[in-house]
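Rule-based calculations on the coordinates, nothing more; no lab input. What you see is a predicted model, and the numbers here were worked out from it, not measured in a lab. Methodologically, a virtual Cβ is constructed for each residue, glycine included, from the backbone with ideal geometry; neighbour enumeration extends over all protein chains shown.
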Amino acid sequence: MQELIRKNTSCRVCKGKNLHKVISLGSMPPANAFLKKEDLNKSENKFPLEAYFCSDCSFVQLLDIVNPELLFRDYVYVSSTSPVFIEHFRQLAEKLIHQFNLKKGDFVVDVGSNDGILLRPFKEMGMKVLGVDPAEKIAALATQSGIETLPIFFGAEAARDIAKKRGKARIITTTSVFSHVDDLDDFTSGIRELIADDGVFIIEVYYLKELLEKNLFDTIYHEHLSYFTLKTMSRLMERMGMEVFDADETDTHGGSLRVFIQKKNGPHKRTDNIKIFLNEEEKKHLSEISTYKKFSEKIERNKEALRKLLQNLKSKGKIIAGYGAPAKGNTLLNYFGIGTDLVDYVVDDSKWKQGLYTPGMHIPVVSSEKLSEKKPDYILILAWNFADSIMNKIPDFDKFILPVPIPQVVSGIVEQDLNLICEAIFPEAGILEGKTLLVTGGSGFIGSYIIAVMEKLNSKYLKIPCKVISMDNHLVGKSNNLLKEIDSEYIQYVTHDVCKPFDVEGPVDYIINAAGVASPVYYKKFPIETIEGTIYGVKNALDLAGRKSSKSFLYFSSSEIYGDPDPNFVPTPEIYKGNVSSIGDRSCYDESKRVGETLCMAYYKTHNAPVKIVRPFNVFGPGMKGVDYRVVPTFISLGCKGLPLTVHDKGNQTRTFCYVTDAIIGFFKVLLSEKSGEVYNVGNENDEINMKALADMIASGVFSGKAEVNLIKYPDNYPQDEPRRRCPDLNKIKGLGYGASVDLKTGLKRFYKWFKENSFEA
């Protein structure tokens, strides 16, 4: 074998010598060098893992080059074990076929083709395909499955041989591979040799901008020699007689740069995307060495925080399992010094890794069946790019630890909810790209969900993030209401009482006015604050919307404005004027919401304010507190404590309940609707149920008959004038494409699971 490691002395892109070490992760084994049990006591090869910045062209790279024979010949990563990647590559193939008008018989080559995952859709559509991958076992597997794959390293010589025997390629792809190449000149020369004059070369690489923004330091490992921006990619291609004509970004690996390249003076016009990407890179100071030194400091803070979290859990006797054994996970485990003292075992879906041990830290890798045999208390998701898929895969588990961008414990239930909401409101939410959204009451039950949805939209759906401002005085809410600390440069938290006038810097395109006290016990305890928070709060928000020329203003009213409705108006339509007491204990809430609506309509008629009003009907779900005395969390809280479920009076009063995902979808549909000056009910029109029946349903269905149900008198502190029936007429909002999809039983089970796992009482 050749030497195990050597060191470059010049930049791969510009050949300059002004190279500066900016990130050092110490010395560690190759990230995919898994061990057999009999090898655990043998010495492991360990190599420096350090990133350098070229001050001549701003390219970031590793200079210590581990022999690729050592890294790739016995490669054990198989792409098709991931349903997420199967779908990603299917969509990419379909996009390229359509965009470049590929025909049957056209030649498509994938370099670093793994098991043929990307080429398979091309072959099914009648194209001639060829894979190139030096991992001999995986290449053989691909060939056996019908995707011919050459087990060789790609370069100019290999390209000439392929072109001579098979002709020129219309499409050449390389995904998550170009970063592995040391000799970029030889590789790119090979592309130029093999590609047709009208052909297109498509590269997907880890995007340096996303790596820095999301603290994805664990994507630095020996295989990944290069960390590209569009600027450095363009410079390389220009030097090699090629040109970049388009660019895009995908969410694979936390954020990948997809670049479209042709021979110089090729047929495709340069798109505006190029300028957008380059401008954004300049704004992020990616050409400045100080950016990378700050990033290195951030890695150290992450290391301290994650170790502290895991050590605290282990001190309490908790079992912690890792999920996924990717290369990035091994970088993290080794640099952070996380071994079997903190993580009991790691599960992975690849049979190639099961039965082995992680390099360096020697944590056993097992099948996912282990999760049911020795159920962990927490799962550390090392394959964080598949976090959503993993959490959906094991719906009966709810305590996950995400290591990046900051270590945090997240709820699987909540993450599933957020994904469902985002899928439902996108592409309508695409209008929020590059805009600013203000959410008053951002730390409350509904507000915190909205903030979390926006963070998810920003990270996975919006090409240009939406800036979000969360404003709250935390009278009854907390900044981490969903037990998820959101650390994002696009989310700003402002502590302010909306009763007092306020302003924010810059534009405010959209406003969601969700501030308010929404629990009967709380608004009896804080009647004046309830009135002031609603009336002054909405007026101040409306004034801000006017000063900022906001595009849409969403006011959260309440179904309480209907009071105790006439039976002839149940289900209750928006035109019903209400039956409300102005002097009862509930009136501070009911009447202030009615005045808030009046203010909104006055601003709409007088100033053409872009107001929309929603009247939510009994929304429930994760994030609700057991101590705010709303019926669903109260019943669940009592049952968890082994106490009887107490129903007021005879329990004949009825409600329909709307699970939070349906409600949030409805709120966004109204916010993003075109017509102003409109009012919409938001809720679930199905499963109207009285409180005695609800208690019985929870006692039998949620607590398996182990909870008692007791009828009691109304306590002295409970607000009078409780509505006898509450059920929405949803015909109007259905015109916006809204419809509740989560039935009551399902919603109750999801809320119970979240509540039990998180012990969320305050």
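Annotations
- Among the trypsin sites (Lys or Arg not before Pro) found in the stretch 222-272, those both in a DSSP coil and sparsely packed, with 15 or fewer other Cβ atoms within 10 Å of their Cβ, are 264, 269, 270.
- Distance (nanometres) between label positions extended 7 Å along Cα→Cβ at residue 756 and residue 15: 6.7
- Gyration tensor verdict on the stretch 299-414 (Cα atoms; rounded if a/c is under 1.5, prolate if a/b is larger than b/c, oblate otherwise): rounded
- Estimated [θ] at 222 nm from DSSP helical runs (n ≥ 4, -39500 (n - 2.57)) normalised by residues in the chain, nearest 500: -10500 deg cm²/dmol
- Remark: spin-label model distance residue 98-residue 706 equals 5.1 nm, labels positioned 7 Å along the Cα→Cβ axis.
- By the beta carbon rule, with partners counted only under 4.7 Å, the chain holds these lone Cys residues: 422, 466, 499, 588, 600, 640, 658, 727.
- For the stretch 299-414, with +1 on Lys and Arg beta carbons and -1 on Asp and Glu, the positive-most of 311, 408, 364 along the dipole: 311
- Tensor-based shape of the stretch 14-137 (alpha-carbon gyration tensor, a/c under 1.5 rounded, otherwise prolate or oblate): oblate
- Formal net charge of residues neighbouring residue 149 (Cβ-Cβ distance under 13 Å; K, R +1; D, E -1): -2
- The Cα center of the stretch 153-186 and the Cα center of the stretch 368-388 differ in position by 38 Å.
- A full extension of the chain between residue 69 and residue 279 corresponds to an added length of 71.7 nm, given 0.36 nm per residue minus the alpha carbon distance.
- Only Lys, Arg, Asp and Glu carry charge here, each on its Cβ (+1 for the first two, -1 for the last two); on that basis the chain has a dipole of about 220 debye about its Cα centre.
- Hydrodynamic radius (Kirkwood) for the stretch 415-758, which is based on Cα pairs only, to one decimal in Å: 20.3
- When Cα Rg over 2.2 N^0.38 Å is calculated for this entry, the matching label among (i) 1.01; (ii) 0.93; (iii) 1.06 is (iii).
- Inter-centroid distance (Cα atoms) of the stretch 83-143 relative to the stretch 239-281, Å: 21
- Ordering 589, 538, 244 by Cα displacement along the dipole of the chain toward the positive end leaves 244 in first place; charges were set at the Cβ atoms of Lys, Arg (+1) and Asp, Glu (-1).
- The listed peptides 40-46, 457-463, 175-181, ordered by packing as a protection proxy, come out as 175-181, 457-463, 40-46 (highest mean of other Cβ atoms within 10 Å first).
- On full extension, the segment bounded by residue 8 and residue 198 gains 64.9 nm, given 0.36 nm per residue less the C-alpha separation.
- Cα gyration tensor category, rounded, prolate or oblate, for the stretch 559-650 with a/c compared to 1.5: prolate
- Neighbour net charge for residue 128 - beta-carbon separation under 10 angstrom, K R +1, D E -1: +2
- Per-pair calculated FRET efficiency, R0 = 60 Å: residue 674 and residue 164 via Cβ, rounded to 0.05: 0.50
- Which of 384, 754, 352 has the fewest Cβ neighbours within 10 Å, and the rest in rising order: 352, 754, 384
- Estimated FRET transfer efficiency when R0 is 41 angstrom, pair residue 504-residue 308 (beta carbons, to 0.05): 0.75
- When peptides 99-112, 17-30, 308-321, 118-131 are ranked by their average number of other Cβ atoms within 10 Å per residue, the highest-first order is 118-131, 99-112, 17-30, 308-321.
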